[in-house]
1. Quick check: residue separation of ASN425 and VAL325 times 0.36 nm, minus the Cα distance between them. What number comes out in nm?
2. Just to check, using Stokes-Einstein with a Kirkwood Rh over alpha carbon pairs, what's the diffusion coefficient of region 291-443 at 10 °C and 1.306 mPa s in µm²/s?
3. Against the longest alpha carbon principal axis of the chain, how many degrees, from 0 to 90 and to the nearest 10, is the axis of helix 13-30 turned?
4. Express in nm, to one decimal, how much length is gained between GLN496 and GLU86 on full extension, taking 0.36 nm for each residue of separation and deducting their alpha carbon distance.
5. Would you mind getting the accessible area per residue of the chain, heavy atoms of the protein chains only, 1.4 Å probe, in Å²?
6. Hey, with R₀ at 41 Å, roughly what FRET efficiency would THR503 and ASN99 work out to, going by the Cβ-Cβ distance, to 0.05?
7. Relative to the longest principal Cα axis of the chain, at what angle does helix 168-181 sit, 0 to 90 degrees, rounded to 10?
8. Which distance in nm do the two modelled labels at LEU43 and ASP442 give, with both placed 7 Å along the Cα-to-Cβ direction?
Amino acid sequence: MTAFFEFFNTVPLWAYILLILVIFALRDILQKKHTIQHNFPILGHFRYMIEQIGPELRQYIVANNREELPFNRRQRSWIYASSKKENNYQGFGSDQDMNEAGFVFIKPAMLPYKLPLNHPHHAANGKDPNHYTIPSAKIIGAYHKRRRPYRPHSVVNVSAMSYGSLSARAIESLNKGSLQFGNYHNTGEGGLSPYHRFGADVVFNMGTSYFGVRDHEGNFMMEKLVKMTQNNPFVRMIELKLSQGAKPGKGGVLPGSKITAEIAEIRQVPMGKDVVSPPYHSTFSDVQGMIDFIEQMAEETGLPVGIKAAIGKIDMWEQLADLMVETGKGPDFITIDGGEGGTGAAPPSFADHVALPFVYGFSTVYKIFQARNLTDKITFIASGKLGLPAQAIMAFCMGADIVNVAREAMMSIGCIQAQACHTNNCPTGITTNNKWLEAGLDPTLKSERFHNYMKTLAKEIIEITNAAGYEHPCQLGMDDIDISMGDNNVIRSLAQNYGYLKTPVPYKNIQELLDCSNLGGKNAPVESIA
């Protein structure tokens, strides 16, 4: 045996390396699965390695500041800097091509809105608890006389992202940060988890599988919904999800292998069995049935109930509006999700081509309800890449009362746009259930960063609104923004481009909103959550 080891000690290192390379080369030549590796042994592996890190190479080395999608480097940098309270300014002027088609011009007034010295938004009142607060101008559920109407504390809130799609620590970070800022936190369709219970207002999102309020066969159970809302008074609204921007008109599959005991309990699904979410609801099959279901949930829970959808065909939207006029019943709010949205996994054909982008979808639906004098009876919630100041301002100009943000919120807690959300290998621990990857996400730190991002976003929305001559974003209108047509130096207002003027929203002053007994968020009046 000693002689055997002495022989191996006499063989030079390069010979062992050569032997290993020969073995790998033979393995490549003999396998039939990969043509490149067969034809180019060993070297062929580098092709796959480079392809694997291609997105990162393009993100950090190849792409310029403005050309990446869905969010370019400049946009991401603003969110990162804002969340860390770093310098988020830019110097030496804009680096954008202002003549490109679709470029947005927000029109400032000759004399901006002058804030009184005692105004909570005045620069001198930076320590005022309402310094960054912009409550919704509308009370959701007031028109239909719901027992617990709700005025959101913030016009910018967290969009639907469920536990399972996001990690436990990511959900916890967003909920704790939402409590600090005062915005609501949408659960996504995965049910109300323990990580949604840190004190923020919550919107319970209910999809076609009715997770959390179902039996094991997937049938909706009203008694579970009522019990859940009674036991958790921080649940302020119910959102009935018809479709979403990432995959409108398509259900999903939760593999049995991914269902942990905790997820099974939260979603009320069996262990070890695939759970298939259909693209349609089992509780209703037509628009009238949907209205009846909405009214039943609102009556049983006392909460405002709304719907969320990506937009395509409009015949059923017209039918919904007609029935609302005829019966005086229907959703308290409508969330329009742009087809460019989506934080989870989706087939490319759905993500890229199914449903209208936000500006087309929102303007189409808004005009339908405006034509029937319903816009003052509904709160319009907008989502789809609106977590940046200029994009949010445009949504308010078009008629949105509230903006929901998803991917921008993820970036504020560390998302690097690795686009690995569908792989369970998210390197930042945000969209994965891998405990090792998730362990790197500290909810205490990340909740503060989300809070900082929301404060900065609100600050810039306030400042742009004031520059345009208004106190509150609800006062912005379709003539406050022009859009470049991209040729012949032509620009057109939003009103000219989309063919309508936003219906004015009744508004007196910010203090009236802050004094509202139905105001949610931080320091919500006790009677509003009793």
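1. Extending this stretch completely gives an extra 31.1 nm.
2. Calculated translational D: 92 µm²/s.
3. Tilt relative to the chain: about 70 degrees.
4. Extra length from GLN496 to GLU86 when fully extended: 143.7 nm.
5. Dividing the accessible area of the chain by its residue count gives 47 Å².
6. According to the calculation, E is roughly 0.80.
7. In the chain, helix 168-181 runs at an angle near 30 degrees to the longest axis.
8. 4.8 nm
The values are calculated or read from the model by the stated rules, or taken from the named source; none is laboratory data. Values in this document were obtained by computation on a predicted structure and should not be read as measured data. Heads up, the Cβs are rebuilt from the backbone with ideal geometry, glycines too, and the neighbour counts pull from every protein chain shown. Keep in mind that these areas ignore ligands, DNA and RNA; they rest on the heavy atoms of the full protein, side chains included. Shrake-Rupley method; radii C 1.70, N 1.55, O 1.52, S 1.80 Å.
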